[in-house]
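The values are calculated or read from the model by the stated rules, or taken from the named source; none is laboratory data. Being a predicted model, the structure only gives us computed values, none of them experimental. Here the Cβ positions follow ideal geometry from the backbone for every residue, glycine too, while neighbour counts run over all protein chains shown. Remember, those area values only see protein heavy atoms, side chains included, never the ligands or the DNA or RNA. Shrake-Rupley method; radii C 1.70, N 1.55, O 1.52, S 1.80 Å.
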Amino acid sequence: MRVPMIAGNWKMNTTVSEALELVKAMRAGLDEVDNVDKVICPPFISLAAVGELIKGSSIKLGAQNIYFEEMGAYTGEISPLMLAELCEFVIIGHSERRQYFNETGEIVNKKIQAALKVGLKPILCIGERLEENEAGLTAEVVTEQLRSALTGIGYLSGLVIAYEPVWAIGTGKAATGEQSNETIGLIRRNISELYDKEIAQGVRILYGGSVTAANAAEFVRQLEIDGALVGGASLKAAEFLSIVKQTSEIRGH
Ligand code: PEP
């Protein structure tokens, strides 16, 4: 019912020429898989060139961030209108943005609204920090982040959620499939309360945090988990392809 999705967050890696090389190395393999949504999110400056290269393929493109104003005197920022011409998805509220760029729940909410307004599909990231996890606050933190991000948003068309425990991002210490399945189930129940059951059943919720070819199956095998947001491993063509293929075998319809 929900099409699985594997999204690669390249973060601040690859020059334009390196981005093109990476796409060339994975394009044919990814294109062979038709029952999983494959999304790559290179840095802003590579979006146009990568977009040209994947034209006609089934690979989808996403950005890693957005500003919430449509245009104007905001030096250095990239607007929803600019991105809507180039890509289909945009990562919003990644923990690195919350941590290093002081993105609050309010800012994340404005960005989600701005993206939806121009037809971009947000990949909303939420997740607890290590100390919150250790204090048993995961459910509370994730619920608060979700509700704050979706405040005043009446429709979720195309929105994807990525549950990314902060302590698992880039650390090599992934959560377990079972733990993530439980938290993702809680996120879905929250969406059901905020909207309705049908909408909750239609929203794709991914796991993110140190997913590799070696552990991806553990996550995509879980009933609530619709795929993965992959950081480090998405920079290696063979590894990213293996994650996509395993997802296709386990979850593809
Ligand atoms: C991410 O950047 O969203 C992420 C999950 O990174 P990594 O896979 O490297 O932990």
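If you place +1 on the Cβ of every Lys and Arg, -1 on the Cβ of every Asp and Glu, and leave all else neutral, what size is the dipole of the range 32-123 about its Cα centre, to the nearest 20 Debye? The partial results should precede the final answer.
Working: 9 positive and 12 negative charges, 30 e Å.
With only Lys, Arg, Asp and Glu charged at Cβ, the dipole is about 140 debye.
If you put +1 on each Lys and Arg Cβ and -1 on each Asp and Glu Cβ, how big is the dipole of the range 194-238 around its Cα centre, in Debye rounded to 20? Please report the intermediate quantities before stating the final value.
Working: 4 positive and 5 negative charges, 42 e Å.
Charge dipole, the range 194-238, about its Cα centre: 200 debye, nearest 20.
Set Lys and Arg Cβ to +1 and Asp and Glu Cβ to -1, take the dipole of the chain about its Cα centre, and tell me which of Ser17, Ala139, Ala233 lies farthest positive.
Value: Ser17.
Quick one: how many Å² of Ile243 are accessible to a 1.4 Å probe, rounded to 10?
0
Going 7 Å from the Cα of Asp34 toward and past its Cβ, which residues in the range 216-251 have a backbone nitrogen under 19 Å from where you end up?
244-251
Per the helix-only calculation at 222 nm, which mean residue ellipticity applies to the chain, given -39500 (n - 2.57) for every DSSP H run of n ≥ 4 and division by its residues, nearest 500 deg cm²/dmol? It would help to have the intermediate numbers written out before the result.
Working: 11 runs with 109 residues, N = 253.
Only helices count here, giving -12500 deg cm²/dmol.
Antiparallel DSSP bridges in the chain: what percent, to the nearest 5? Kindly include the intermediate steps, with their values, before the conclusion.
Values: 0 of 28 bridges.
Percentage antiparallel, nearest 5: 0.
Once amide H atoms are placed 1.01 Å from N in the peptide plane, what residues at a sequence separation of 5 or more from Glu128, or on another chain, have their amide H within under 5 Å of its amide H?
Under 5 Å from the amide H of Glu128 lie the amide H atoms of Val166, each far enough along the sequence or on another chain.
Report the gain in length on full extension from Asn13 to Ala238: 0.36 nm times residue separation, minus Cα-Cα distance, nm rounded to one decimal. List each step's numbers first, then the result.
Values: separation 225, 0.36 × 225 = 81.00 nm, distance 1.71 nm.
Net length gain for the segment: 79.3 nm.
Quick check: from the Cα gyration tensor, does the chain come out rounded (a/c under 1.5), prolate or oblate? Before the final figure, lay out the partial values.
Details: a/c = 1.43, a/b = 1.08, b/c = 1.32.
It comes out rounded by the Cα gyration axes.
If you average the sequence gap of Cα pairs under 8 Å that are 6 or more apart and divide by the length of the range 207-247, what percent do you get for the contact order? Working shown, then result.
Working: 49 pairs, mean separation 19.8, N = 41.
Answer for the range 207-247 is 48 percent.
Quick one: 3J(HN,Hα) in Hz for the range 103-120, Karplus 6.51/-1.76/1.60 with θ = phi - 60°, rounded, Gly and Pro as x.
For the range 103-120, the Karplus curve yields 6, 8, x, 5, 5, 4, 4, 5, 5, 4, 4, 5, 5, 4, 4, 9, x, 7 Hz.
If you average the C-alpha positions of the range 122-192 and of the range 199-226 separately, how far apart do those two centres end up, in angstrom?
That distance is 12 Å.
Looking at the square roots a ≥ b ≥ c of the eigenvalues of the Cα gyration tensor of the range 152-250, which shape do they give, rounded for a/c under 1.5, prolate if a/b is larger than b/c, or oblate? All intermediate terms of the calculation are to be shown ahead of the outcome.
Details: a/c = 1.99, a/b = 1.81, b/c = 1.10.
Judged from the Cα gyration tensor, the range 152-250 comes out prolate (a/c at least 1.5, a/b above b/c).
Order Asp196, Asp34, Asp226 by their accessible area, 1.4 angstrom probe, all chains in place, largest first. Walk me through the intermediate numbers first.
Working: Asp196 70, Asp34 140, Asp226 5 Å².
The most accessible residue leads, giving Asp34, Asp196, Asp226.
Any idea of the accessible area per residue across the range 198-251, 1.4 Å probe, to the nearest Å²? Before the final figure, lay out the partial values.
Details: 2010 Å² over 54 residues.
Value returned for the range 198-251: 37 Å² of accessible area per residue.
Could you rank Thr212, Thr104 by how accessible they are, 1.4 Å probe, largest area first? Please list the in-between numbers first.
On the way: Thr212 45, Thr104 65 Å².
Correct descending sequence by accessible area is Thr104, Thr212.
Can you give the accessible area of Phe101, probe radius 1.4 Å, in Å² rounded to 10?
120
For the range 207-216, what does the Karplus curve 6.51 cos²θ - 1.76 cosθ + 1.60, with θ = phi - 60°, yield as ³J(HN,Hα) per residue in whole Hz, taken in order and with x for Gly and Pro?
9, x, x, 6, 6, 9, 5, 6, 10, 4
Check which residues have an amide H placed less than 5 Å from Trp10's amide H, if you skip close sequence neighbours.
Correct list: Cys41.
For Arg2, Arg129, what's the largest-to-smallest order of accessible area, 1.4 Å probe? Write out the running numbers ahead of the final one.
On the way: Arg2 30, Arg129 115 Å².
If we order Arg2, Arg129 from most to least accessible, we get Arg129, Arg2.
Put +1 on the Cβ of every Lys and Arg and -1 on every Asp and Glu Cβ in the chain; which of Asn215, Leu130, Cys87 then has its Cα farthest towards the positive end of the dipole?
Toward the positive end, the furthest listed residue is Cys87.
Leaving out ligands and nucleic acids, and using a 1.4 Å probe, what accessible area per residue does the range 40-96 come to in Å²? Spell out each step's value before the answer.
Numbers: 2550 Å² over 57 residues.
Using a 1.4 Å probe on heavy atoms only, each residue of the range 40-96 averages 45 Å².
Accessible area of the range 51-178 with a 1.4 Å probe: how many percent of it is carbon plus sulfur?
Numbers: 3140 of 6100 Å².
Roughly 51 percent of what the probe reaches on the range 51-178 is carbon or sulfur.
Excluding ligands and nucleic acids, what accessible area in Å² is computed for Tyr195 using a 1.4 Å probe, to the nearest 10?
Counting only protein heavy atoms, Tyr195 exposes about 50 Å² to solvent.
Label Glu178 and Asn102 with points 7 Å out from Cα along Cα→Cβ: what is the distance between them in nm?
Each label point lies 7 Å from its Cα, and together they span 4.2 nm.
Give me the log10 of I(q) over I(0) for the range 107-213 at q = 0.19, 0.24 Å⁻¹, as the Debye formula computes it from C-alpha points; what are the numbers?
-0.96, -1.38
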